[in-house]
Amino acid sequence: MPFPRLVILDHDGGVDDYISLLLLLTFPDVEVLGVTVTPADCYLRPALSATRKLLALMGRDDVSVSGGNLRGQNAFPRQWRKECFACDALPILNERDLPLPELDPRPGHEHLAALLAQAPRPVTLLATGPLTQLAWALGQQPGLAQKIERLYWMGGALFVPGNVHDDPGVHDGSAEWNAYWDPVAAAAVWDSPVPITLFPLDVTDQVPVTVDFRQRLARQRRYPVSDLAGQLWAGVAHNPHYCFWDVLTTAALGSPDLVSTRPELCRIIADGNEAGRTLPVKTGGRTVDMAYAVDAAALHDYLLSQLAI
């Protein structure tokens, strides 16, 4: 019988990060070694609390959790970061006193480095936020790159506009937020030998969280995991542009046939008014496996099936 895939999740506390964690825990062939939280699209205390409560709800108090204390150069909008307070306060996460997973005393970047170093075989790193903690670990111990079988990263925008609002003289709007929060770290990871499967806005924006999908999910709220996912998505229902960003990245780890990928040569611009831009190039970059198309109907069916527990 093959060994389960070893996975570490490094998320940054947005609504879709929690749903990604829920989804990851439904995969039967995955062993989650640990969860690290980057304080980017969140405030750290409620994000850590929500993460630990969610793991407890899923019966996974064995998974260690840590919070990062490294900061990027460009802060996420406060309104987005505040969503983690509502997530932490959801009744389904607070109705019972469950044993919570261990909170590792080390900062997230040190915890991540230790998890990689101690892993008995190469690890899949699922990063649904900025790459700051990974960049630090690789900078301190370059050999850790050999412990990463593949990085799945939700980040970047290659052939579509970014989602950083135009700010003349500061940024030209070409970057995606997970890259823009710490473009220096993203560029450092691009300079490493870690194999990367990239889920940029090019593919994630093809699958918005539709009303129809949320209604289908609501019809199976008798399942606690579906109920929780539905409550989380309800909190962002005011945003018609909310997409399956991190969730698609996670789903493709569990079911690769959901997306089509191709090799793409690109680099990360680390500074200037294009900071964080994931730039396709003909020379001088590195090749990643870029997801460029997704079967939306199959994704919806897959998510509904996985969350029906």
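Tell me, which residue of the range 74-116 that is aromatic (F, W, Y) and assigned to a helix (DSSP H, G or I) is surrounded by the fewest Cβ atoms within 10 Å (Cβ to Cβ)?
F85
This table checks each residue for (1) small (G, A, S); (2) in contact (Cβ under 8 Å) with a residue 24 or more places away in the chain; (3) more than 23 Å from P200 (Cα to Cα).
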position	(1), (2), (3)
G72	yes, yes, no
A75	yes, yes, no
E95	no, no, yes
D104	no, yes, yes
A113	yes, yes, yes
L131	no, yes, no
W136	no, yes, no
G143	yes, no, yes
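So, in the range 6-20, how many residues would count as being closer than 23 Å to G235 by Cα and assigned to a strand (DSSP E or B)?
So the answer is 3.
If I filter the range 187-242 down to residues being aliphatic (A, V, I, L, M) and part of a loop (DSSP other than H, G, I, E, B), which single residue comes out as nearest to A89 (Cα to Cα)?
V236
So which residues in the range 117-168 are modelled with pLDDT under 95 and part of a strand (DSSP E or B), if there are any at all?
Listed by number, the list holds a single entry, D167.
From the list A119, A127, which residue is crowded, with 19+ Cβ neighbours inside 10 Å and either touching a strand residue (DSSP E or B) at 6+ places or on another chain (Cβ under 8 Å) or at positive phi (or both)?
A127
Kindly indicate whether any position in the range 279-287 is of a type in the set (K, R), out of contact with any Ser or Thr (no Cβ under 8 Å at 6 or more places or on another chain), in contact (Cβ under 8 Å) with a residue 12 or more places away in the chain and surrounded by 13 or more Cβ atoms within 10 Å (Cβ to Cβ).
Yes; the residues of the range 279-287 include at least one that is of a type in the set (K, R), out of contact with any Ser or Thr (no Cβ under 8 Å at 6 or more places or on another chain), in contact (Cβ under 8 Å) with a residue 12 or more places away in the chain and surrounded by 13 or more Cβ atoms within 10 Å (Cβ to Cβ).
Kindly indicate whether Q231 is more than 17 Å from V164 (Cβ to Cβ) and either surrounded by 16 or more Cβ atoms within 10 Å (Cβ to Cβ) or in contact (Cβ under 8 Å) with a residue 40 or more places away in the chain (or both).
Yes, satisfied.
Is at least one residue of the range 44-56 farther than 21 Å from A252 by Cα, modelled with pLDDT of 95 or more, surrounded by 15 or more Cβ atoms within 10 Å (Cβ to Cβ) and over 19 Å from the mean Cα position of the chain (by Cα)?
Scanning the range 44-56 turns up at least one residue that is farther than 21 Å from A252 by Cα, modelled with pLDDT of 95 or more, surrounded by 15 or more Cβ atoms within 10 Å (Cβ to Cβ) and over 19 Å from the mean Cα position of the chain (by Cα).
The values are calculated or read from the model by the stated rules, or taken from the named source; none is laboratory data. The model shown is predicted, which means the values in this text are computed figures rather than measured ones. Don't worry about glycine lacking a Cβ; one is built from the backbone with ideal geometry, like all the others, and counts go over all protein chains shown.
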